[in-house]
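*Asks:* Can you read through this structure? Questions will come right after.
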Amino acid sequence: MSGRGAAAVAEEARPARPARKPLPARLRRQIVIACCLVASAQITWGAIVPALPRYGDMFSVSSFLLGAIVAAFGVGRLLVNIPAGLLADRFGPRRLLLGALVGLVVVTVLTAFAPTLPVLLVARFFAGVLGGSVVTIGLAVVTARAPADARGTVLATAQAVQLAGGAMGPVVGGLVLDRWGLHAVFFAAAVPAVACLVWTLLQPDQEFWGKAAPAPGLAPVEADAEFVTSERVRASHVPNSLETHELDGSAAGAGARRRVATDLAAFVGLNVVGFAVFVIRFGGEQSLVPILGDRVGMSSTQLGLSIGVITLVSLGLLPLLARLLDAGWRRRLLVPGMLVAAVAIALYPVADTPLLFGAVVVTAGVGAAVGGIVPGVVLADVAAPGRQGAAMGIFRSTGDLGAVVGPLALGLALDHWGAGAASLTLAAVAAVSAVAYLVLVRRTRP
């Protein structure tokens with residue numbers, strides 16, 4: 001089929017596939033290390049989630065300003081994502097990622113001693129800059145090294161590890177906060193990052209952590225390189241639709257133009273969903289949920305454990321999701337997941353006991369997690385080899401725009417119009433993103 005160059009949006013098309021070889025042990029180990037680096041960064045900022053009500057009492061601030069604590073982190077990530085991706089493409093990811101993680105550990109520990117709200121906001125901003133660099137570079141490396149025939153499995157695993165880190169943060173934060181107080185939360189949150197740094201330094205691999213391959217046509221593909229993926233081999237013969245190439249007036253040129261339009265629409269669609277997922281995570285799970293949970297009597301430990309259950313369920317679903325993604329499922333995972341999240345979020349105001357509220361939080365989180373896996377796989381499909389860092393930077397920046405807008409908008413809605421308006425607004429974001437994906441990411445037929 002001539003349309004195979006537009007595999008980015010071969011939505012649901014399932015041609016016959018050869019048996020997939022297992023990942024080489026060295027590749028698998030380095031992918032796990034990269035995922036753990038990302039997860040350890042997630043832990044550092046998730047730990048503050050159960051502490052938001054405590055900060056509200058300490059500084060006597062509104063829901064909007066509590067949202068600003070979460071949003072400050074998103075602003076830092078938003079500003080750094082694209083530069084971090086570009087720098088990783090140009091200079092290689094290892095030193096940049098490890099340097100950012102060291103800085104994040106230092107800032108996390110210093111945040112424990114923030115005496116005022118402005119100082120806390122500044123600390124959260126720098127945590128966003130450093131943490132955003134770790135996540136963008138780490139996910140770009142995993143995306144670049146994932147073999148095309150195992151991309152669903154690898155990226156689903158990366159998503160699950162990332163979710164695990166995000167969920168462990170609130171669990172650690174809640175348990176430590178209830179037993180040893182606010183300052184201890186940040187010291188505990190920094191421990192996994194230190195452990196991952198040591199592990200990475202003890203397992204060097206220059207080939208894995210070297211610069212990603214340049215765009216096709218600029219350099220030959222090494223046939224014996226362990227980390228060369230089948231996608232790169234195919235791309236060396238078929239131009240990727242998101243690369244710049246001459247389009248003439250021939251039938252081939254017309255087909256190429258259609259592929260460009262289709263892939264660009266897919267790229268927009270996955271960014272719309274990415275925006276929504278980050279609004280749900282940062283505006284919902286990390287901002288709205290702690291405030292509403294406190295109102296129905298949830299303890300910090302109960303809140304952290306509720307978010308942790310999201311990860312346990314997501315991990316249980318991972319083998320099935322990975323197989324479905326490898327089989328070409330995209331919208332059949334994303335759309336139901338985001339719609340389930342929308343319905344559960346709309347029920348936040350009527351869940352008036354800790355048990356009921358925890359149940360709808362878990363349901364919404366699992367739905368968003370299932371839908372949130374898909375954009376990363378589509379991104380890996382459309383990003384040209386050697387440009388994964390820039391593509392990941394754009395994708396993460398779009399998401400982090402949601403991480404900024406979500407907490408502030410939902411905090412404002414909560415202060416002025418109540419829990420019902422804030423919850424319905426968040427539910428609408430989830431539902432609209434599913435519709436946008438259906439419109440923008442079209443099926444292609446074999």
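*Asks:* Give me the residue from the range 320-347 that is over 18 Å from F278 (Cα atoms) and of a type outside the set (A, V, I, L, M) and, out of that set, surrounded by the most Cβ atoms within 10 Å (Cβ to Cβ). Don't jump to the end; show me each part of the working.
*Replies:* Taking the range 320-347 first, the residues over 18 Å from F278 (Cα atoms) are 320-332, 347.
Checking the rest, the ones that are also of a type outside the set (A, V, I, L, M) come to 323, 326, 328-332.
Working: R323: 13, D326: 19, G328: 17, W329: 18, R330: 26, R331: 18, R332: 13.
Residue satisfying both the conditions and the ranking: R330.
*Asks:* Here is a further query. Within the range 35-50, identify whether any single residue is modelled with pLDDT of 90 or more, more than 18 Å from the chain's Cα centre (by Cα) and over 23 Å from F275 (Cβ atoms), and answer yes or no.
*Replies:* Looking through the range 35-50, none of the residues is modelled with pLDDT of 90 or more, more than 18 Å from the chain's Cα centre (by Cα) and over 23 Å from F275 (Cβ atoms).
Listed here are the residues, each with its yes/no results for (1) over 17 Å from F282 (Cβ atoms); (2) at pLDDT below 85.
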site: A380; (1), (2): yes, yes
site: A384; (1), (2): yes, yes
site: R387; (1), (2): yes, yes
site: R396; (1), (2): no, yes
site: G406; (1), (2): no, no
site: D415; (1), (2): yes, no
site: L424; (1), (2): yes, no
site: A431; (1), (2): yes, no
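*Asks:* Residue pairs, Cβ under 9 Å, 6 or more apart or interchain, first in the range 371-385 and within 18 Å of A327 (Cβ to Cβ) and hydrophobic (A, V, I, L, M, F, W, C), second at pLDDT 80 or above and outside any helix (DSSP H, G or I). List them.
*Replies:* Here the result reads V374/W329; V374/R330; V377/R330; V378/R330, each pair linking the range 371-385 to a residue that is at pLDDT 80 or above and outside any helix (DSSP H, G or I).
*Asks:* Out of T398, T363, which single residue is surrounded by fewer than 20 Cβ atoms within 10 Å (Cβ to Cβ) and of a type in the set (S, T, Y)? Walk me through it before giving the result.
*Replies:* Details: T398 fails: surrounded by fewer than 20 Cβ atoms within 10 Å (Cβ to Cβ).
Unique residue meeting the criteria: T363.
*Asks:* If you check G358 against the conditions, is it touching a residue at least 12 places away in the same chain (Cβ under 8 Å) and within 16 Å of the chain's Cα centre (by Cα)?
*Replies:* Values: touching a residue at least 12 places away in the same chain (Cβ under 8 Å): yes; within 16 Å of the chain's Cα centre (by Cα): no.
In short, no.
*Asks:* Also, quick follow-up: Could you tell me how many of the residues in the range 401-446 are in contact with a Phe, Trp or Tyr (Cβ under 7 Å, 6 or more places away or on another chain), surrounded by 24 or more Cβ atoms within 10 Å (Cβ to Cβ) and not small (G, A, S)?
*Replies:* Residues that pass the stated criteria total 1.
*Asks:* Can you say whether R54 is of a type in the set (D, E, K, R) and modelled with pLDDT of 85 or more, as far as the supplied structure shows?
*Replies:* Details: of a type in the set (D, E, K, R): yes; modelled with pLDDT of 85 or more: yes.
In short, yes.
The values are calculated or read from the model by the stated rules, or taken from the named source; none is laboratory data. Given the structure is predicted, the values throughout are model-derived calculations rather than measurements. Cβ: placed from backbone, ideal geometry, glycine included. Neighbour counts: every protein chain shown.
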